[in-house]
Amino acid sequence: MNRTVLDAWVGIFVAVGIGALFFLALKVGNASDSVGDIYRVSAEFENIGGLKVRAPVKSAGVVVGRVSDIQFDAKKFVARVTLNVGKRYEFPKDTSVSILTSGLLGEQYVGMEAGGDSAALKDGDTIKLTQSAVVLEKLIGQFLYNKAAEGGTNKDTK
Amino acid sequence: MPERVLNGVLNGLRGVGHQVVNGVWRLGYAARFFLVTLLRSATSFRRFRGLTFREIYFAGVLSLIIIIVSGLFVGMVLGLQGYETLQKYGSSEAVGTLVALSLVRELGPVVAALLFASRAGSAMTAEIGLMKATEQISAMEMMAVDPIARVIGPRFWGGVISMPLLAAIFSAMGVLGGYLITVVVIGVDAGAFWSQMQSAVDFQHDIVNGIIKSVVFGVAVTAISLFEGYDAPPTAEGVSGATTRTVVTSSLAILGLDFILTAFMFKGV
């Protein structure tokens, strides 16, 4: 085969291959939505439910960071969650975090709600105001218990 | 009579021993062959345009059609089957996640490597086996040309370079196939399809690991194909047997290595 034709084909092949890699990285994967430089803050939760490492951290519905680490604190018996938040998003010191679920059965994420403090959160800070994940089974159990109690009192008054 | 039974048992044992010793010997020979190929691969890079380009053409470019077509169809089937099951749970948008994750993590590297083994690997084995049968390799040695550096090395590097590119093309075509079926034909929302996929597929964890897999498979398949060709008995029967062995051994090696790599990479995190 002619040398130039061969070179052209190999060139096309390599170009298509690298194009496919870029397509996978940018369109299929999330290499494009990284939040850039980050700072770390941690928060303690009584119950994290099904939160996983790399879950998104959202504020007002916008992804501002990711969960980088989840550890169990054996002294306080709480879960210590480390959040990587983008440097360009500065939050007040009294920001509260809660574990929320997107949709009824969707994935769990960390929601950040800004407070009113003038000082900003710094790298290594711990967020004091936290709200644990809602455990659906507990909620249903409570609901059933309340309903049963209501039913009992209703009968009595009849 | 007892003497004949004893002889039979002894012959059986001898056969097993022979097989084991032969297998170990061949494995050692293959390892030595692989090492020598790596050590003498300077020629493949010094004459990259002259020698290795040609092998990238034969291993990569000629496999493009089969990779693109199979990728499209695998993606379309994944889209159809995934939609069929997911819509029962009212989460048909997650089909994008399903298609992308299964392609990027597993099917892309594995199926592309299996196709590569049967398309390019068998051709390599047959070519080198025939070169040996027609004494071209001995002729090279007579002319003081090192056949490992001149014939084996460029083919090895051509295969190793082509394989990850082919796997990436396979995955990309699969995702496009899934998109075609679920979004264009069935009518799943395109925005949800892409956004759920992007939030689930991690660059480091999924895509880079998939690429690492395809590089490992590329090394394994080309090394096996070249060794089988180089080791083939110089007869028509020998070459055909070696070609069959290439496809069988490569496929088993791909699936076995895939299990090991997956166990290392995805520990349920």
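Here are a few things to note about the model shown:
- Residue list for region B:161-188, filter: out of contact with any Ser or Thr (no Cβ under 9 Å at 6 or more places or on another chain) and away from chain A (no Cβ under 12 Å): B:Gly177, B:Leu180, B:Ile181, B:Val183, B:Val184, B:Val185, B:Gly187
- Output for region B:128-143, where each listed residue is under 29 Å from the mean Cα position of the chain (by Cα) and part of a loop (DSSP other than H, G, I, E, B): B:Thr134, B:Glu135
- Condition met for B:Gly71 (touching a helix residue (DSSP H, G or I) at 6+ places or on another chain (Cβ under 8 Å), more than 10 Å from chain A (Cβ to nearest Cβ) and farther than 21 Å from B:Ala223 by Cβ): no
- Which listed residue, of B:Val175, B:Val183, B:Val188, B:Val201, is under 23 Å from the mean Cα position of the chain (by Cα) and farther than 25 Å from B:Met124 by Cα: B:Val175
- Inclusion of B:Leu35 among residues that are within 12 Å of chain A (Cβ to nearest Cβ) and more than 12 Å from B:Trp157 (Cα to Cα) is not warranted.
- Neighbours by Cβ (under 7 Å, 6+ apart or cross-chain): first from region B:198-215, without any contact (Cβ under 8 Å) to a residue 12 or more places away in the chain and within 7 Å of chain A (Cβ to nearest Cβ); second hydrophobic (A, V, I, L, M, F, W, C) and surrounded by fewer than 19 Cβ atoms within 10 Å (Cβ to Cβ): B:Phe203/A:Ala25; B:Phe203/A:Ala31
- The requirement of being surrounded by 13 or more Cβ atoms within 10 Å (Cβ to Cβ) and either free of Cβ contacts under 8 Å to residues at least 40 places away in the same chain or farther than 17 Å from B:Gly218 by Cα (or both) is fulfilled nowhere in region B:15-24; no residue meets it.
- Scanning region B:38-55 for residues that are more than 14 Å from every other protein chain (Cβ to nearest Cβ) and surrounded by 15 or more Cβ atoms within 10 Å (Cβ to Cβ) returns B:Arg40, B:Ser41, B:Thr43, B:Ser44.
- Residue check, B:Arg150 more than 14 Å from chain A (Cβ to nearest Cβ), surrounded by fewer than 17 Cβ atoms within 10 Å (Cβ to Cβ), in a helix (DSSP H, G or I) and in contact (Cβ under 8 Å) with a residue 60 or more places away in the chain: yes
No lab work stands behind these numbers, since they all come straight from the coordinates. A quick note: this is a predicted structure, and the numbers were derived from the prediction, not measured. FYI the Cβ positions are ideal-geometry reconstructions off the backbone, even for glycines, and counts take in every protein chain you see.
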